[in-house]
Amino acid sequence: MRHLLHLCLIFTFCLPAAAQKSGNELHFTSSQQQMITVYKGTIFVNGNKAFIFPKDIINYKSRRNRLIEDGRTVFLFLEVDGSPNKNRLMVFNIDHSLADSLLNTVSSDVKDWDQDGNLEFGGSDLVKVHSSPDSIYYTPARFYEIKKGKITLDAALTEKTEKKLNGTYLPDPFEANGQPKVIPRSKKRP
């Protein structure tokens with residue numbers, strides 16, 4: 001009986017935000033009855049143009065395209081082409097008939113990565129191979145979490161991931177020219 005109740009709750013809260021996907025368009029409906037359509041690089045909210053991409057780089061078939069609601073806040077996640085690097089997640093706050101671009105990060109599943117009860121997303125991008133066999137370019141990561149209707153940097157998950165990737169953590173992983181810092185190759189990392 002308890003499992004049936006859980007299924008009913010899932011269908012009640014997840015189905016309104018489900019997307020119907022076809023070709024180059026997406027359709028979402030929030031629990032607040034906001035109608036969100038993404039069509040040929042344009043986001044429409046309740047029939048109004050809310051955001052226009054300069055170039056249509058949206059991956060319309062991605063399972064990561066979705067609405068997530070936290071309290072009364074509605075977030076739209078769209079996976080976009082990140083060539084030549086990993087794909088990106090563009091995150092928008094949907095409020096009335098507006099789509100406010102919040103951030104652009106490495107594409108990942110949106111889930112509770114660190115089991116703290118909050119949804120997280122993000123990760124690390126590709127980093128070129130260093131020419132010296134005993135050195136690597138530091139691989140920075142960035143994870144964000146959804147908490148109390150806001151999206152903030154998840155510093156603990158970011159640090160934990162960077163330690164796992166690099167064998168160490170650098171609070172400032174970039175050189176002045178924007179390139180990742182060079183560090184000695186860790187025995188933990190191949």
Relative contact order of the chain, pairs being alpha-carbon contacts under 8 Å that are 6 or more residues apart, as %: 11 percent
What base-10 log of the normalised intensity I(q)/I(0) is obtained for region 59-111 from the Debye formula, alpha carbons as equal point scatterers, at q = 0.15, 0.18, 0.23 Å⁻¹? -0.40, -0.56, -0.86
Between 0 and 90 degrees, rounded to the nearest ten: what's the tilt of helix 2-14 against the longest Cα principal axis of the chain? 90 degrees
Counting only helical runs of four or more DSSP H residues, what would the 222 nm mean residue ellipticity of the chain come to if each run contributes -39,500 (n - 2.57) and the total is spread over all its residues? -4000 deg cm²/dmol
At a temperature of 10 °C and a viscosity of 1.306 mPa s, determine how fast region 77-154 diffuses translationally according to Stokes-Einstein, using the Kirkwood radius over alpha-carbon pairs as Rh; express D in µm²/s, rounded to the nearest whole number. 112 µm²/s
So what's Rg/Rh here for the chain, counting alpha carbon atoms and using the Kirkwood radius for Rh? 1.03
Give the accessible surface of the chain per residue, rounded to a whole number of Å², with probe radius 1.4 Å and ligands, DNA and RNA excluded. 60 Å²
With a 1.4 Å probe and every protein chain kept in, tell me what percent of the accessible surface of the chain is carbon plus sulfur. 56 percent
Can you give me the angle between helix 155-166 and the longest principal axis of the chain, using Cα atoms only, in degrees from 0 to 90, rounded to the nearest 10? 50 degrees
Candidate lysines for bridging to Lys40, where Cα separation is under 25 Å - those fewer than 8 sequence places away on the same chain excluded: Lys21, Lys49, Lys55, Lys61, Lys86
About its Cα centre, how strong a charge dipole does the chain have in debye, to the nearest 20, once Lys and Arg get +1 and Asp and Glu get -1 at the Cβ? 440 debye
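The values are calculated or read from the model by the stated rules, or taken from the named source; none is laboratory data. The structure presented is a predicted model; accordingly, all values stated were derived computationally and were not measured. In this analysis, Cβ positions are derived from the backbone assuming ideal geometry, glycine residues included, and neighbour counts consider all displayed protein chains. Accessible surface areas use protein heavy atoms only, side chains included; no ligands, DNA or RNA. Shrake-Rupley method; radii C 1.70, N 1.55, O 1.52, S 1.80 Å.
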